[in-house]
Amino acid sequence: MISSAATAVPPDHLSPPTCNFFECDYSVGGVSVRASSADAELLRCAALRKFASARASEAQLDLAVRWVPKLESPSAAPDFDSGGVWRLYRQGRSLGFDFQSSILGSRPYKRALVDESLSHGEILVSRECFPGAPPNALEYPLDEVLVLHKLAKLDGLELHACGVIDASGTARLFVGHSGDGKSTLSRLWAQRPGVSILSDDRIIVRHQDRRLWMYGTPWHGDAGFANPLRTQLGAIFILAHGRENQITPLAAAPAAAQLFARSFPVFHDGDALASHAALLSDVVASVPCYRFSFLPETSCIEMVLTCC
């Protein structure tokens, strides 16, 4: 079983200590997070610095961060195994995200315990695994995991994508697997004046105010673009390998299937999966979708600007 305690708060733009606690507020994809800790070093997550936000009266996810002497491994099997460093365990109406790496020993090095609504929780960091310099408690992938699970309750999702706003304000989303050319496209677009790149690897899409929006994220690819801006979602291009620049319209059903394959669903939650599928159906019904094969040169950008 997983043991827990406490309430909650966030990362990198630190406010002065209040009642012996440091605070950090940030927002990713419109999800506001607050983390607090008696140890300011645990909240210094550089990747989130651009996403720091002014302190709101109430964060959507409130996290308390603290040291514990050590963390025991749960005796039960996980409800979900990411195949990477984290696993999910359920304890009543609470969720426990355990992080473990052979490099840091045989026990978990960090545990995030949150309520089922992902409104409050705490992050426990094992002193046993970090006898020297303290880690960033919210370092990747925990920051992404928490936002993904919160988005599943807020009519939002994350896509493996590059998001671009051109000089005229037109927004385009280029969706693709690893190796499909998202970072290459980002670099080509960045050469044009007045262009903003929201991310070259991860984009959040949300339904808000009866509109579809895309947000930049801190989780960038090789090109290193990470921008907290949001913009109304425009055309979607699903990347494919080819020997020439080519743009082909896609019908809604195949577009939705291809977007799902390039998204990050919360697989262990049936309601979240249904919401994820419904949002993708809404996206392809509202936004034009295309298959896009391209050559890694500026001519591909010209084709996009001319066509869509």
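So GLU128 clears everything in (1) buried (at least 20 other Cβ atoms within 10 Å of the Cβ); (2) at pLDDT 95 or above except one condition, right? Which one?
If we test GLU128 against (1) buried (at least 20 other Cβ atoms within 10 Å of the Cβ); (2) at pLDDT 95 or above, just (1) comes out false.
Exactly one of these conditions fails for PRO108: (1) under 15 Å from the mean Cα position of the chain (by Cα); (2) part of a loop (DSSP other than H, G, I, E, B). Give me its number.
(1)
Could we say that LEU138 is farther than 11 Å from VAL85 by Cα, in the same structural domain as PRO74 (by TED's automatic domain parsing) and in a strand (DSSP E or B) here?
no
Considering SER27, SER53, which residue is at pLDDT below 90, small (Gly, Ala, Ser) and either in contact with a Cys (Cβ under 7 Å, 6 or more places away or on another chain) or closer than 26 Å to ARG202 by Cα (or both)?
SER53
Right, GLN258: modelled with pLDDT of 95 or more, over 21 Å from GLN191 (Cβ atoms) and buried (at least 18 other Cβ atoms within 10 Å of the Cβ) or not?
Answer is yes for this residue.
Name every residue in region 113-130 that is out of contact with any helix residue (DSSP H, G or I) (no Cβ under 7 Å at 6 or more places or on another chain), in contact (Cβ under 8 Å) with a residue 24 or more places away in the chain and either assigned to a strand (DSSP E or B) or β-branched (Val, Ile, Thr) (or both), in order of residue number.
Once the filter is applied, which keeps residues that are out of contact with any helix residue (DSSP H, G or I) (no Cβ under 7 Å at 6 or more places or on another chain), in contact (Cβ under 8 Å) with a residue 24 or more places away in the chain and either assigned to a strand (DSSP E or B) or β-branched (Val, Ile, Thr) (or both), region 113-130 yields LEU113, VAL114, HIS120, GLY121, GLU122, ILE123, LEU124, SER126.
Can you tell me which residues in region 195-219 are in a loop (DSSP other than H, G, I, E, B) and either surrounded by 23 or more Cβ atoms within 10 Å (Cβ to Cβ) or modelled with pLDDT of 95 or more (or both)?
VAL195, ASP200, ASP201, THR217, PRO218, TRP219
Could you please let me know if VAL68 is closer than 30 Å to ARG211 by Cα, aliphatic (A, V, I, L, M) and assigned by TED's automatic domain parsing to the domain that holds LYS110?
no
So, GLY163, is that one in contact (Cβ under 8 Å) with a residue 24 or more places away in the chain and either in the same structural domain as ALA255 (by TED's automatic domain parsing) or in a loop (DSSP other than H, G, I, E, B) (or both) or not?
yes
Every residue in region 240-261 that is out of contact with any helix residue (DSSP H, G or I) (no Cβ under 7 Å at 6 or more places or on another chain) and in a strand (DSSP E or B), please.
ALA240, GLN246, THR248, PRO249
In region 93-117, which residues are aromatic (Phe, Trp, Tyr) and crowded, with 24+ Cβ neighbours inside 10 Å?
PHE97, PHE99
With the requirement that a residue be farther than 19 Å from TYR140 by Cβ and of a type in the set (Gly, Ala, Ser), what does region 66-84 give you?
Those that are farther than 19 Å from TYR140 by Cβ and of a type in the set (Gly, Ala, Ser): SER73, SER75, ALA76, ALA77.
Does ASP12 satisfy being at pLDDT 85 or above and of a type in the set (Asp, Glu)?
Against the criterion (at pLDDT 85 or above and of a type in the set (Asp, Glu)), ASP12 does not qualify.
Taking the condition of being among the polar types (S, T, N, Q) and assigned to a helix (DSSP H, G or I), how many residues in region 262-285 meet it?
The number of residues fulfilling the criteria is 2.
The values are calculated or read from the model by the stated rules, or taken from the named source; none is laboratory data. In this text, all values refer to a predicted model and were calculated from it rather than measured experimentally. Don't worry about glycine lacking a Cβ; one is built from the backbone with ideal geometry, like all the others, and counts go over all protein chains shown.
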